[in-house]
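A.B. asks: One structure coming up, written as structure tokens, with questions to follow.
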Amino acid sequence: MAEKPRFRWHIVVFLAPAVLVYTAVMIYPLFNTLRLSLFTEVDQSRVFVGLQNFKTLFGDTVWSTQFWNALGNNFWFFMIHMLVQNPIGVALAAILSHPKLRFASLYRSAIFIPTILSFVIVGFAWKLILSPIWGIAPGMLDAVGLKALYAPWLGKEAYALTTLSLVSVWQFVGIPMMLIYAALLSIPDEILEAAEVEGITGLSSFWKIKLPLILPSIGIISILTFVANFNAFDLIYAAQGALAGPDFSTDILGTFMYRTFFGFQLQLGDPHMGSTIASAMFVIILIGVCLYLFGIQSRMRRYQF
Amino acid sequence: MNAVRQNRLNTFAAHGALVVYVLIALFPVFVIVINSFKDRRSIFREPLALPNSESFSLIGYETVLKQGDFFLYFQNSMIVTVGSLFFILIFGAMAAFALAEYRFKGNTLMGLYLALGIMIPIRIGTVAILEMMVQTGLVNTLWALILVYTAQGLPLAVFILSEFMRQVSDDLKNAGRIDGLSEYRIFFRLVLPLVRPAMATVAVFNMIPIWNDLWFPLILAPAEEVKTLTLGSQVFIGQFVTDWNAVLSALSLAILPVMALYVIFSRQLIRGITSGAVK
């Protein structure tokens, strides 16, 4: 009487819409972009050229200087996030997670506000505030006697990238704050009480007990920051335009790819070189994610409570 | 006694640090909004003063509402955001249910395949996405944006929702099966209402990045009639860059809807993040 197992169509029906949309709009274009990087356009038809585009990108000085400039800037952009945004986020979370602190949720909501604003708002707002024409930044520095420190930061090659990185830090500090805050709350009280009995309290309890326990969350935040930074575009575009001025000093991979793909001023857009840069970005992000997954995450001890 | 004083000092320092940071976080927004209500002269003369009867002016808002079609942009942003969220939630929940509920060949593999997109940004595929949208005639339609955002949001949605669906009790579903409910009914009638909080979390996570995105509207739908609010304000501000009243008012108008969403959903958002939905 054994009934033959019927094919369970409902599984297919449940999975199909998500898998189809995801495959058609995300995975297929991703691989198609990688494929397009191997082609070029000659007389309005697509010709296979192998790795020629990559040779141009890394070999031709006009392209390679731009690429290394964008990549270097992107690393600086990432370093500032790691060195400023994440420590501030951890510090704010550590203060907020203090059990007897009043108004904690009010502070939390207020600090998170910049994160919900769009890059367009953030980019222009800071551009206006730092502008020498309006004079809010010089005026405020003057009020504390530091007027000599003022410079039109966004217009100076030496400062523009760092300034924009700090604006981006200002915008996104809420994310590490929230994630670390959640991690800190999940540490059981018994552990902290046991430490207190041993005489470990206050700051030393943070360094010796809490910090080691939240290391996995810091790892996740680092990789999220890495991926977000290496495909950033909006803030630079909103504040400095597609040319990432002054003199390409704020150019990062996202703006470089946009310019190449769409063209600007006199240069025509080139989808194949655009794909080549996108492929390079893909490889960079993939290396970062793999380093994290195999190098960091697998070695980190996870504590189960 | 000493310990008490020490404690009070610590609390004071904690509040001090937080207040300073809150001021840093809110100052730019505050400056933009108060100056949008002032006339041009007062914007420059006393940028930090609140608008008073003398300096109050709505000239910037008049320019913005006359020159830019902000209601249309707003409507487009609404359609794109709500549409994308709808598809992310319904398709994501269905796939998550299949992965969480049934054992079948390739279950783990399918889960990994869908999870790929959590780490790899969809922007890398932009060149081919644009080509595809041009070929299918979807370029400069809101559908192009809805499709892209749906694809972008699905991986994390499936991941989060399947975690929650594993917690729904088997007894409940089996009782439904004994009563003769089909698998579809079990999903829509029994399971979906139970994971509503998780769906809300997913919705809130996706809402803000979709609303604020500049890249895809700029590339896939730059035409006037399909501009989103983010792109619309970017273009508008670019054109009116010397008209400070108009720029400040446009910025304030762009801040308004996100702030409203945030006030409504902030509790959900913060609970979502802190409940460890993102692990």
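A.B. asks: Using 1/(1 + (r/R0)^6) with R0 = 22 angstrom and r between the beta carbons of A:V62 and A:R35, what's the FRET efficiency to the nearest 0.05? Show your work: numbers first, answer last.
C.D. replies: Values: r = 25 Å, r/R0 = 1.13.
The formula returns an efficiency of 0.30 here.
A.B. asks: Here's another thing I want to ask about it. In whole Å, how far is the Cα centre of region B:159-182 from that of region A:236-305?
C.D. replies: Each part reduced to its Cα centre gives a spacing of 42 Å.
A.B. asks: While we're looking at this one, here's another question. Please give the per residue volume of the convex hull enclosing the alpha carbon atoms of region B:2-57, rounded to a whole number of Å³.
C.D. replies: Values: hull volume 4.8 nm³, N = 56.
Measuring per residue, one finds 86 Å³ for the Cα hull of region B:2-57.
A.B. asks: Tally Lys and Arg at +1 and Asp and Glu at -1 over the other residues with C-beta under 15 Å from the C-beta of A:V49: what net charge comes out?
C.D. replies: On the way: positive: A:R35, A:R46, A:K55; negative: A:E41, A:D43, A:D60, A:D270.
The answer is -1.
A.B. asks: Something else: Could you derive backbone 3J(HN,Hα) for region B:126-134 from the dihedral phi with the Karplus parameters 6.51, -1.76 and 1.60 (θ = phi - 60°), listing whole Hz in sequence and x where the residue is Gly or Pro?
C.D. replies: Per-residue couplings from phi come out as 3, 4, 6, 5, 4, 4, 5, 5, 5 Hz.
A.B. asks: Something else about it: With a 10 Å Cβ neighbour count serving as the proxy for reagent exposure, in which order, fewest first, do A:T260, B:T150, B:T136 appear? Write out the running numbers ahead of the final one.
C.D. replies: On the way: A:T260 25, B:T150 28, B:T136 12.
Lowest count first: B:T136, A:T260, B:T150.
A.B. asks: Under the definition of partner shielding as Cβ atoms of other protein chains within 10 Å of a residue Cβ, what is the mean value for peptide B:98-107? Can you show the working numbers first?
C.D. replies: Working: counts 10, 4, 0, 3, 5, 1, 4, 0, 0, 2.
That average works out to 3.
A.B. asks: Calculate the spin-label point distance for A:D142 paired with B:L23, positioning each point 7 Å from the Cα along the beta-carbon direction, and give it in nanometres.
C.D. replies: Each label point lies 7 Å from its Cα, and together they span 2.0 nm.
A.B. asks: Please state the relative contact order of region B:160-279 as a whole percent: Cα pairs under 8 Å, 6+ residues apart?
C.D. replies: Values: 52 pairs, mean separation 31.5, N = 120.
Contact order relative to length: 26 percent.
A.B. asks: OK, next. If I model a spin label as a point 7 Å beyond the Cα along the Cα-Cβ vector, how far apart are those points for B:E163 and A:S105 in nm?
C.D. replies: About 2.2 nm separates the two model spin labels.
A.B. asks: Roughly how far apart, in whole Å, are the Cα centres of region B:116-143 and region A:126-160?
C.D. replies: Between the Cα centre of region B:116-143 and that of region A:126-160, the gap is 40 Å.
A.B. asks: Could I ask something else about it? From the backbone phi of region A:75-81, what are the Karplus-calculated ³J(HN,Hα) couplings (6.51 cos²θ - 1.76 cosθ + 1.60, θ = phi - 60°) in whole Hz, Gly and Pro given as x?
C.D. replies: With coefficients 6.51, -1.76 and 1.60, one gets 5, 4, 4, 5, 4, 4, 4 Hz.
A.B. asks: Let me ask something else about it. Looking only at B:L89, B:L248, B:L172, which one moves most when chain B is put into a Gaussian network model with springs between Cα atoms under 10 Å?
C.D. replies: The residue that fluctuates most here is B:L172.
A.B. asks: Here is a further query. Scaled to the compact-protein estimate 2.2 N^0.38 Å, what is the alpha-carbon radius of gyration of region A:80-204, rounded to two decimal places? Numbers along the way, then the final one.
C.D. replies: Details: Rg = 18.8 Å, N = 125, 2.2 N^0.38 = 13.8 Å.
Taking the Cα Rg and dividing by 2.2 N^0.38 Å, one obtains 1.36.
A.B. asks: For B:K38, what residues show an amide H to amide H distance below 5 Å, using hydrogens built from the backbone and excluding near sequence neighbours?
C.D. replies: B:S57
A.B. asks: Counting only other chains, what is the mean number of Cβ atoms within 10 angstrom of the Cβ of each residue in peptide B:12-19? Please list the in-between numbers first.
C.D. replies: Working: counts 0, 1, 9, 5, 1, 4, 11, 3.
Taking all residues of B:12-19 together, the mean is 4.
A.B. asks: Still on this model: Return the single residue from B:G153, B:G232, B:G60 with maximal mean-square fluctuation; model: Gaussian network over chain B, springs between Cα atoms under 10 Å.
C.D. replies: B:G60
A.B. asks: Same structure, new question: Cross-link candidates for A:K55: which lysines have Cα within less than 21 Å, leaving aside residues fewer than 8 places away along the same chain?
C.D. replies: Excluding near neighbours in sequence, the set is empty.
A.B. asks: So for the protein assembly as shown, considering every pair of alpha-carbon atoms, how many percent are separated by more than 47 Å? Let's see the in-between values first.
C.D. replies: On the way: 29816 of 170236 pairs.
Distances greater than 47 Å cover 18 percent of the Cα pairs.
A.B. asks: Next question. For all pairs of alpha-carbon atoms in chain A, what percent lies in each bin of width 10 Å, listed from the first bin to the last filled one?
C.D. replies: Pair shares across the bins are 5, 19, 25, 23, 16, 8, 3, 1, 0, 0.
A.B. asks: Given springs between every Cα pair under 10 Å in a Gaussian network model of chain A, which of A:V169, A:V42, A:V289 has the largest fluctuation?
C.D. replies: Evaluated over chain A, the most mobile residue of the options is A:V42.
A.B. asks: Per 0.36 nm of contour for each residue apart, how much would the distance between A:L243 and A:A151 grow if the chain were fully extended, relative to their Cα-Cα spacing? Don't skip to the answer; put the middle values down first.
C.D. replies: On the way: separation 92, 0.36 × 92 = 33.12 nm, distance 2.14 nm.
Answer, rounded to one decimal: 31.0 nm.
A.B. asks: Follow-up question, since we're still on this one. Calculate for chain A the 222 nm mean residue ellipticity that helices alone would give, adding -39,500 (n - 2.57) per DSSP H run of length 4 or more and normalising by residue count, nearest 500 deg cm²/dmol. Working shown, then result.
C.D. replies: On the way: 16 runs with 193 residues, N = 305.
Computed ellipticity for chain A at 222 nm equals -19500 deg cm²/dmol.
A.B. asks: Residue by residue, what Karplus-based ³J(HN,Hα) values in Hz, rounded to whole numbers, does region A:138-155 have, using 6.51, -1.76 and 1.60 with θ = phi - 60° and x for Gly and Pro?
C.D. replies: Here the 3J(HN,Hα) series is x, x, 5, 5, 4, 4, 9, x, 10, 4, 4, 6, 6, 8, x, 3, 6, x Hz.
A.B. asks: Hey, got the Cα dimensions of region B:7-163 along the principal axes, in Å, largest first?
C.D. replies: Rounded to whole Å, the extents work out to 72, 59, 25 Å.
A.B. asks: Let me ask something additional. Name the residues whose placed amide hydrogens come within less than 5 Å of the amide hydrogen of A:F39, ignoring near sequence neighbours (fewer than 5 apart) on the same chain.
C.D. replies: Hits under the 5 Å cutoff: A:V49.
A.B. asks: Once you keep just the Cα pairs under 8 angstrom separated by 6 or more residues, what percentage relative contact order results for chain B?
C.D. replies: Values: 244 pairs, mean separation 80.4, N = 279.
Relative contact order here is 29 percent.
A.B. asks: With a cut-off of 8 Å between alpha carbons and a minimum separation of six or more residues, what is the relative contact order of chain A in percent?
C.D. replies: Details: 312 pairs, mean separation 75.4, N = 305.
Here the relative contact order equals 25 percent.
A.B. asks: Could you calculate the FRET efficiency of B:N107 with B:Q75 from 1/(1 + (r/R0)^6), where r is the beta carbon distance between them and R0 is 60 Å, rounded to 0.05? Before the final figure, lay out each step's value.
C.D. replies: Values: r = 41 Å, r/R0 = 0.69.
For B:N107 and B:Q75, the calculated efficiency is 0.90.
A.B. asks: Follow-up. By the gyration tensor of its Cα atoms, with a ≥ b ≥ c the square roots of the eigenvalues, what is the shape of region A:178-281: rounded for a/c under 1.5, prolate for a/b over b/c, or oblate?
C.D. replies: Values: a/c = 5.32, a/b = 3.58, b/c = 1.48.
In terms of gyration-tensor shape, prolate.
A.B. asks: First measure r as the distance between the Cβ atoms of B:L116 and B:H15, then evaluate 1/(1 + (r/R0)^6) with R0 = 45 Å and state the FRET efficiency to the nearest 0.05. Let's see the in-between values first.
C.D. replies: Details: r = 44 Å, r/R0 = 0.99.
After rounding to 0.05, the efficiency reads 0.50.
A.B. asks: While we're on this one: Please average, across the residues of B:23-30, the number of beta carbons from any other chain that are within 10 Å of each residue's own beta carbon, and give a whole number.
C.D. replies: Values: counts 1, 5, 11, 4, 5, 14, 6, 0.
What the average comes to for B:23-30 is 6.
A.B. asks: Another one. If I model a spin label at B:L181 and B:T242 as a point 7 Å from the Cα along the Cα→Cβ vector, what separation in nanometres do I get?
C.D. replies: 6.7
A.B. asks: In Å and from the alpha-carbon atoms only, list the Rg and Dmax of chain B.
C.D. replies: 24.2, 77
Computed from the coordinates by the stated procedures, all read-outs in this text should not be read as laboratory data. In this text the structure is predicted, and so the values were computed from the model without any measurement. Every residue, glycine among them, receives a Cβ derived from its backbone with ideal geometry; neighbour counts consider all protein chains shown.
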